[in-house]
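Just below is one structure, and these are the notes that go with it.
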Amino acid sequence: MPSPLTQSTGRRKEAVARVRLRSGTGSVTVNGKKLDEYFPSQLHIRRASAPMKVLSNAPSGLVYDVDASIGGGGYSGQAGALCLGIARGLAEVNPELRDELKKAGLLRRDPRKKESKKYGLKKARKAPQYSKR
């Protein structure tokens, strides 16, 4: 296995993706599985592979293999973390792609997280049922 060109990290909600880019054929492997085997929904697959679409539109014609290990969170958070990790790696390897990735909004970390539960409430905002009598 060739050594990686770059390693990057992507995060979203509670998910963390460690991404390694190698020059190759364009295959994406997540936790030892192909991308379409790992994610159950086409929406998640499209979200995770969005930076590769920007790469295919680039004039340079470079192709990279992506090897990622993801932990934490659910499928939606993991897809977002993988997207950010791939985009950061591509921007590091090929600085000409940075402007296109920024225009597509792929280099911005989504800061939204789950709101913490408050005492006296059932969830973050859901209060117990109120009885007047």
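Given the condition modelled with pLDDT of 90 or more, of a type in the set (A, V, I, L, M, F, W, C) and under 10 Å from the mean Cα position of the chain (by Cα), answer yes or no: does some residue in segment 18-36 qualify?
Yes, segment 18-36 contains at least one residue that is modelled with pLDDT of 90 or more, of a type in the set (A, V, I, L, M, F, W, C) and under 10 Å from the mean Cα position of the chain (by Cα).
Report yes if Ala58 is small (Gly, Ala, Ser), modelled with pLDDT of 90 or more and on the phi < 0 side of the Ramachandran plot, otherwise no.
Numbers: small (Gly, Ala, Ser): yes; modelled with pLDDT of 90 or more: no; on the phi < 0 side of the Ramachandran plot: yes.
Against the criterion (small (Gly, Ala, Ser), modelled with pLDDT of 90 or more and on the phi < 0 side of the Ramachandran plot), Ala58 does not qualify.
Enumerate the helices (runs of 4 or more DSSP H) found wholly within segment 1-112, keeping only those where 2 or more residues are touching a residue at least 40 places away in the same chain (Cβ under 8 Å) and polar (S, T, N, Q). Step through it out loud before you land on a result.
Values: elements: 35-38, 42-48, 50-57, 75-93, 98-103.
Hits in segment 1-112: 75-93.
Please determine, by comparing only the residues of segment 63-83 that are surrounded by fewer than 16 Cβ atoms within 10 Å (Cβ to Cβ) and within 17 Å of Arg22 (Cβ to Cβ), which one is farthest from the chain's Cα centre (by Cα).
Filtering segment 63-83 down to residues surrounded by fewer than 16 Cβ atoms within 10 Å (Cβ to Cβ) leaves 63, 69, 71-72, 74.
Checking which are within 17 Å of Arg22 (Cβ to Cβ) leaves us with 63, 69.
Values: Val63: 19, Ser69: 11 Å.
Among those that are surrounded by fewer than 16 Cβ atoms within 10 Å (Cβ to Cβ) and within 17 Å of Arg22 (Cβ to Cβ), it is Val63.
The values are calculated or read from the model by the stated rules, or taken from the named source; none is laboratory data. Just so you know, these numbers come straight off a predicted model, no measurement behind them. Please note: Cβ atoms are built from the backbone with ideal geometry, for glycine as well, and neighbour counts cover all protein chains shown.
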